[in-house]
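Laboratory data are not the source of any read-out in this text; all were calculated from the coordinates shown. No experiment lies behind these values; they were computed from the predicted model shown. Every residue, glycine among them, receives a Cβ derived from its backbone with ideal geometry; neighbour counts consider all protein chains shown.
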C-alpha cells in the first residue's frame with residue numbers, strides 16, 4: 001500500500017491500511033491515522049496531525065510553515081480530522097504562536113486550489129470551492145459552503161449553514177443561515193435551498209426569516225437583539241444567532 005517511490009521519514013507515524021502513492025513526501029513529526037489515501041505527489045510536512053479515512057489528491061501540501069512574518073519557527077501543528085476530501089493543490093499551513101494550530105474538522109470537502117492559512121479553524125461538513133482562500137485566524141462554523149474563488153479576510157468568522165457566492169470578497173463576519181454574494185459582498189437573505197436540504201422545517205425557516213427581518217431592519221443593533229428575544233423567543237437557532245453577534249461585535253457583520 002506504500003509506493004517504493006514515496007519518501008517517509010523514519011520518525012513519521014503512519015496508521016494501518018494507508019495507501020501512499022508515488023512521489024509523496026512525509027516529513028518527521030507527522031502523525032497519520034488509519035485508512036488514509038495519499039495519491040501521488042502529496043506533501044505532508046512537519047507538524048501535521050491527520051485523523052482517519054481522509055483522501056488527499058495530487059499536489060496537496062499539508063502543514064507548510066505559515067506565510068506570516070511573525071512566525072519564528074515555534075512548534076505548531078496543522079490538524080485534520082476524519083473523512084475529509086482534500087483535492088488537488090490544496091494548501092493548509094500550520095499555526096503560529098497566536099493559536100498554535102490550524103484545524104480542519106471532519107467530513108469537509110476542500111476543492112482544487114483552496115488555501116487554509118495559519119491558525120484558521122474549519123468546522124465539520126464544510127465545502128470550500130475551487131480557488132477559495134482563507135486568511136489567518138479565520139473561523140468557519142459547521143456546514144458552511146463557500147463557492148469558488150471566495151477571499152476571506154483575516155479574523156473573519158462565517159456562521160453555520162451559510163452560502164457565500166463565487167468571487168465574493170469577505171471582510172466582515174457572515175451571520176449563520178444566510179446567503180452572501182455580490183460585489184461588495186452583501187446580505188442576500190436566508191440560505192433557503194441549503195436549509196431545506198439540511199432538513200430544516202418550514203416552521204424553523206419562518207422563524208429565521210422573521211429573526212433576520214428584525215436584525216437587518218432599521219434601528220440600533222442592541223435594540224434589535226432585544227426585539228428578537230421578545231418577539232421571536234430563544235430557540236436554539238435564535239440563541240446561536242445572538243451569541244454569534246455578541247462574540248463578533250467588534251468586527252461586525254455583512255448586511
* Candidate set from segment 111-126 (those that are under 15 Å from residue 87 (Cβ atoms) and over 9 Å from the mean Cα position of the chain (by Cα)); member that is surrounded by the fewest Cβ atoms within 10 Å (Cβ to Cβ) -> 112
* **residue 207 vs. criteria touching a residue at least 12 places away in the same chain (Cβ under 8 Å) and closer than 26 Å to residue 169 by Cβ** => no
* Asked: Which members of segment 210-245 meet the condition of being in contact (Cβ under 8 Å) with a residue 24 or more places away in the chain and more than 18 Å from residue 173 (Cβ to Cβ)?
  -> 232, 235
* Assess whether residue 235 counts as being surrounded by fewer than 18 Cβ atoms within 10 Å (Cβ to Cβ) and out of contact with any strand residue (DSSP E or B) (no Cβ under 7 Å at 6 or more places or on another chain). => yes
* Got a number for residues in segment 48-75 being without any contact (Cβ under 8 Å) to a residue 40 or more places away in the chain and over 21 Å from residue 18 (Cα atoms)? -> 8
* **Test set (1) in contact with a strand residue (DSSP E or B) (Cβ under 8 Å, 6 or more places away or on another chain); (2) in contact (Cβ under 8 Å) with a residue 24 or more places away in the chain; (3) exposed (fewer than 15 other Cβ atoms within 10 Å of the Cβ) - residue 198 fails condition number** => (1)
* Which of the residues spanning segment 216-241 are part of a helix (DSSP H, G or I) and closer than 17 Å to residue 206 by Cα? -> 227, 228, 229, 230, 231, 232, 236, 237, 238, 239, 240, 241
* Consider residue 183 carefully, then state whether it is more than 30 Å from residue 206 (Cα to Cα) and either assigned to a strand (DSSP E or B) or free of Cβ contacts under 8 Å to residues at least 40 places away in the same chain (or both). => no
* **First in segment 26-47 and on the phi > 0 side of the Ramachandran plot, second anywhere and outside any loop (DSSP other than H, G, I, E, B), Cβ under 7 Å, 6 or more apart** => 47/63; 47/77; 47/78
* Determine which single condition residue 248 fails, assuming it passes every other condition in (1) in contact (Cβ under 8 Å) with a residue 40 or more places away in the chain; (2) within 22 Å of residue 137 (Cα to Cα); (3) touching a helix residue (DSSP H, G or I) at 6+ places or on another chain (Cβ under 7 Å). => (3)
